[in-house]
Amino acid sequence: MTSVINVNLPDQSYEIAIAPSSLDQLGQQMASLKLGKKVLLVSNPTIFKHFGERAITSLRDATRTLSSANASLTSAGFEVASCTLPPGERYKTLNSIQKLYDIALENRLERSSTMVALGGGVIGDMTGFAAATWLRGINVVQVPTTLLAMVDSAIGGKTGVNHPHGKNLIGAFHQPRLVLIDPEVLKTLPMREFRAGMAEVIKYGVIWDAELFAQLEASKRLDQLRYVKPELIHTILMRSCQAKADVVSKDEKEGGLRAILNYGHTIGHAVESLTGYRLVNHGEAVAIGMVAAGQIAVELGMWQKEDTERQNALIQKAGLPTQLPSGVDIEAIIDALQLDKKVKAGKVRFVLPTEIGVVTVTDEVPSDIIRQVLQGM
């Protein structure tokens, strides 16, 4: 099962290529883009141990075509340097970016060079940001290895690092030249990380794709890869990536529509930040945020109680939390919402569902309602 999804943008369109064993085609896929010779492969130690040598071999063995004024010439593969960064959201900092800059300088990366992100959302975000800022912008290719990165963070060009007071407050929009998704790599993904990715998949069902939501409901289990049929995994990847591509193509830099992709993230980011990025991972925080947003919509009379129950049942089926972690201060969450990137004129904007597959963005959510919902969780 192979799918190619186009992200159509005014300045730089690109493909999302989904195919089993496509990691071995990374070099040839990149060669077809006529990128410069030098590549910096960025990963974390665990992912590099599983897939680093395969990626490097593919890059070094690729046949590159060089265009000249008179003819096309073929050249040996890419020159590859590599760098590993510690795993985890708490390492998504400017200190880690400094390490990437140092290695880029050491290897004399040029404007035609490429950084390749081989890993999950943290590696993708940091590699993208380093590429966006090195020499004022070089190429980046995303090779996501987690379900969450495959369906969400690798697509759309959002890059960045965390500030001690908030998630992703430092960053840039920098679109990749290619997103290469190999579903086979999910076999090495820890169960907790698989479940985290399912949170983003459920999100697409709620905000955009009612048919995907129904297919997820029809699956007996969603909490482990081995219980999800390969055909459904391909459908999940294809429909989630298509939803992200459709939204990004219409609104590349979040001037309006793209804000809907933040469903569950407003409260979710606050929970992540307040727990030091250690207690809950991103997908778990988004699941908690979706439960909260769904209940806020019910309290405001925007969403049917039956639909929020369907959403919450799906979240539970995926083995994700529906309650706030114990000990999290509700007033601290409400204060942290003011640091959310979607705040406009001092007002927190929430993405709230009106039916399965449809959401709206509003800044008319009273603090009392937020507090009431959080106290119920």
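In the set (1) surrounded by 20 or more Cβ atoms within 10 Å (Cβ to Cβ); (2) under 28 Å from Leu212 (Cα atoms); (3) β-branched (Val, Ile, Thr), Val365 fails one condition alone, (2). Summed over the range 22-45, residues that are of a type in the set (Ser, Thr, Tyr) and either open to solvent by 60 Å² or more (accessible area, probe 1.4 Å) or in the same structural domain as Leu232 (by the TED database) (or both) total 1. Restricting the range 1-21 to residues that are within 15 Å of Leu178 (Cβ to Cβ) and in contact with a helix residue (DSSP H, G or I) (Cβ under 6 Å, 6 or more places away or on another chain), the residue that is surrounded by the fewest Cβ atoms within 10 Å (Cβ to Cβ) is Asn8.
Mind checking whether some residue in the range 73-83 is part of a strand (DSSP E or B), of a type in the set (Ser, Thr, Tyr) and at pLDDT below 95? Steps first, answer last, please.
Residues of the range 73-83 that are part of a strand (DSSP E or B), as a first pass: 73-75, 79-83.
Applying the additional criterion that residues be of a type in the set (Ser, Thr, Tyr) yields 74-75, 82.
So of that shortlist, the ones also at pLDDT below 95 come out as 74-75.
Scanning the range 73-83, I find at least one residue that is part of a strand (DSSP E or B), of a type in the set (Ser, Thr, Tyr) and at pLDDT below 95, so the answer is yes.
For (1) closer than 28 Å to His163 by Cα; (2) in contact (Cβ under 8 Å) with a residue 24 or more places away in the chain; (3) not in a helix (DSSP H, G or I); (4) not polar (S, T, N, Q), each residue gets a yes or a no:
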position	(1), (2), (3), (4)
Gln316	no, no, no, no
Gly319	no, yes, yes, yes
Pro325	yes, yes, yes, yes
Ala332	yes, yes, no, yes
Asp335	yes, no, no, yes
Pro353	no, yes, yes, yes
Val365	yes, yes, yes, yes
Gln372	no, yes, no, no
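Matching residues to (1) open to solvent by less than 60 Å² (accessible area, probe 1.4 Å); (2) at pLDDT 95 or above; (3) within 24 Å of Glu211 (Cβ to Cβ); (4) of a type in the set (Asp, Glu):
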| residue | (1), (2), (3), (4) |
| --- | --- |
| Arg310 | no, yes, yes, no |
| Gln316 | no, yes, yes, no |
| Leu320 | yes, yes, yes, no |
| Gln338 | no, no, no, no |
| Val348 | yes, no, no, no |
| Leu352 | yes, yes, yes, no |
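Counting the residues of the range 293-312 that are closer than 18 Å to Ile260 by Cβ and either out of contact with any helix residue (DSSP H, G or I) (no Cβ under 9 Å at 6 or more places or on another chain) or not in a helix (DSSP H, G or I) (or both) gives 3.
Residue count for the range 92-116, restricted to those that are under 21 Å from Thr57 (Cβ atoms), surrounded by 19 or more Cβ atoms within 10 Å (Cβ to Cβ) and of a type in the set (S, T, N, Q): 2. Here is the figure for the range 225-255: residues that are outside any helix (DSSP H, G or I) and open to solvent by 40 Å² or more (accessible area, probe 1.4 Å) total 5. Taking the numbered list (1) open to solvent by 10 Å² or more (accessible area, probe 1.4 Å); (2) within 19 Å of the chain's Cα centre (by Cα) in turn, Ile202 passes all entries but (1).
Evaluate the following for Tyr263: is it open to solvent by 40 Å² or more (accessible area, probe 1.4 Å), of a type in the set (Phe, Trp, Tyr) and over 26 Å from Val4 (Cβ atoms)?
Working: open to solvent by 40 Å² or more (accessible area, probe 1.4 Å): no; of a type in the set (Phe, Trp, Tyr): yes; over 26 Å from Val4 (Cβ atoms): yes.
The answer is no for Tyr263.
Give the number of residues within the range 190-199 that are over 18 Å from Glu217 (Cβ atoms) and open to solvent by less than 30 Å² (accessible area, probe 1.4 Å).
So in the range 190-199, the residues over 18 Å from Glu217 (Cβ atoms) come out as 190-194, 196.
The next check asks that each one be open to solvent by less than 30 Å² (accessible area, probe 1.4 Å); those that pass are 194, 196.
Residues in the range 190-199 being over 18 Å from Glu217 (Cβ atoms) and open to solvent by less than 30 Å² (accessible area, probe 1.4 Å): 2 in total.
Scanning the range 129-151 for residues that are more than 14 Å from Met115 (Cβ to Cβ), open to solvent by 10 Å² or more (accessible area, probe 1.4 Å) and either in contact with a Leu (Cβ under 7 Å, 6 or more places away or on another chain) or at pLDDT below 95 (or both) yields one hit, Thr146. Within the range 12-40, the set of residues being free of Cβ contacts under 8 Å to residues at least 60 places away in the same chain and over 22 Å from Thr84 (Cα atoms) comprises Ser13, Gln28, Ala31, Ser32, Lys34. Here Glu89 meets the list (1) touching a strand residue (DSSP E or B) at 6+ places or on another chain (Cβ under 8 Å); (2) at pLDDT 95 or above almost entirely, failing just condition (2).
Ile170 meets the conditions (1) of a type in the set (Val, Ile, Thr); (2) assigned to a helix (DSSP H, G or I); (3) open to solvent by 10 Å² or more (accessible area, probe 1.4 Å) in every case but one. The failed one is (2). Condition check: out of contact with any Leu (no Cβ under 7 Å at 6 or more places or on another chain), open to solvent by 60 Å² or more (accessible area, probe 1.4 Å) and of a type in the set (Asp, Glu). Does Glu211 satisfy that? Yes: the conditions hold for Glu211.
The values are calculated or read from the model by the stated rules, or taken from the named source; none is laboratory data. Everything numeric here is computed off the predicted structure, so don't read it as measured data. Every residue, glycine among them, receives a Cβ derived from its backbone with ideal geometry; neighbour counts consider all protein chains shown. Surface accessibility is based on the protein's heavy atoms, side chains included, excluding ligands, DNA and RNA. Shrake-Rupley method; radii C 1.70, N 1.55, O 1.52, S 1.80 Å.
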